[in-house]
Amino acid sequence: MLWSEWNGKYRDTVRDFWRGDESLIADFAYRFTGSSDLYQSNGRNPSASINFVTAHDGFTLRDLVSYNEKHNTANGEDNRDGESHNRSWNCGAEGATDDPKILSLRQRQQRNFLVTLMLSQGVPMLLSGDEMGRSQQGNNNAYCQDNEVSWLNWNLQEENEALLDFARQLIDFRRQHPTFRRRKWFQGRAIHGATANDIAWFNPDGSAMREEQWNEGFAKAIAIFLNGEEISTPGERGERIIDNNFLLFFNAHHAHLDFFIPEDLRYLAWETLIDTQEQRFMQYGKRYTGNQTISVMERSVVVLQQLG
């Protein structure tokens, strides 16, 4: 297995993607699939990549979507300490706000980060407290604060109950599906003789991504097909591993987009499991077949699972 390491490039790319930076689709694809550009050449596997968005240093997840700037005055160094380039976005107001639209967007952005982290290939690392909305009030270097700023409050605030429930469901979902925990790299081809590749990339209109489109500056949305029937590594007893097929729609654009199911996949039936505009997993998600459109809200993720 060689060694694994914290993937700082994963952190930076995912943060930049969800705050709406341009020219990131190709880099986002590398990070989502385990960062083969960083680890494959020296014989390592996706498990080499410890994926994370936040860590003990820097903003918590809630602060990442609530502050553009660090607020470290209480540390006694005139706000000079701590990282100044946090790749954060406050969603329209710095710090605390009563604006329901901003609060709703911040909650959705936290779910976007959690979904991206837990469904990426590699090993997810979640900062304790992020699953229940912990804040350090914008302090990104709170090592010297032995008080409520740095403590973890185990008395869950009512406003964060839904986030904790979503995180629990998401972790369980990842554990149930080996599609998101592959031990080897994607190959971009059919492995067991199926008609579909193990992974495929699409534009919102359902067309396959062309080579020149990976670096288009304005592109902030992508659809990904993950083939659960094309997992290359066997199970513990040498058996073939078969999982469900999934379609994932990522929209980091500031406006909602209509995604189309790719033509070769329209004969299948699909059901919505995750839509990050919702606070919890879908119990009875909307179903799609044929040439239907899937409306994906601005700055959100939708995950479909094949039925049958």
Quiz item: Quick one: is ALA200 aliphatic (A, V, I, L, M), touching a residue at least 24 places away in the same chain (Cβ under 8 Å) and touching a Gly at 6+ places or on another chain (Cβ under 9 Å)?
Solution: yes
Quiz item: What pairs can you find where one residue is in the stretch 71-100 and farther than 18 Å from ARG15 by Cβ, the other is aromatic (Phe, Trp, Tyr), and their Cβ atoms are less than 8 Å apart, with a gap of 6+ or different chains?
Solution: GLY95/TYR67
Self-check item: Failed criterion for ASP12 (all others in (1) in contact (Cβ under 8 Å) with a residue 12 or more places away in the chain; (2) in a loop (DSSP other than H, G, I, E, B); (3) surrounded by fewer than 20 Cβ atoms within 10 Å (Cβ to Cβ) hold)
Solution: (2)
Quiz item: In the set ASP205, ASP146, which member is at pLDDT 95 or above, assigned to a loop (DSSP other than H, G, I, E, B), not hydrophobic (A, V, I, L, M, F, W, C) and not assigned by TED's automatic domain parsing to the domain that holds SER88?
Solution: ASP205
Quiz item: Conditions: (1) out of contact with any Ser or Thr (no Cβ under 8 Å at 6 or more places or on another chain); (2) more than 20 Å from ASN140 (Cβ to Cβ); (3) surrounded by 16 or more Cβ atoms within 10 Å (Cβ to Cβ). ASP99 meets all but one. Number of the miss?
Solution: (3)
Quiz item: Considering the stretch 9-40 alone, what residues qualify as being of a type in the set (Ser, Thr, Tyr) and closer than 14 Å to PHE186 by Cα?
Solution: TYR30, THR33, SER35, SER36, TYR39
Quiz item: Mind checking which residues of the stretch 136-149 are buried (at least 21 other Cβ atoms within 10 Å of the Cβ) and either in contact with a Lys or Arg (Cβ under 9 Å, 6 or more places away or on another chain) or within 10 Å of THR60 (Cα to Cα) (or both)?
Solution: GLN136, GLY138, ASN139, ASN140
Quiz item: Which one of LEU164, LEU156, LEU152 is surrounded by fewer than 17 Cβ atoms within 10 Å (Cβ to Cβ) and in contact with a Gly (Cβ under 7 Å, 6 or more places away or on another chain)?
Solution: LEU152
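The values are calculated or read from the model by the stated rules, or taken from the named source; none is laboratory data. Model, not experiment: these values are computed from the prediction. Cβ atoms come from the backbone with ideal geometry, glycine included; neighbour counts cover every protein chain shown.
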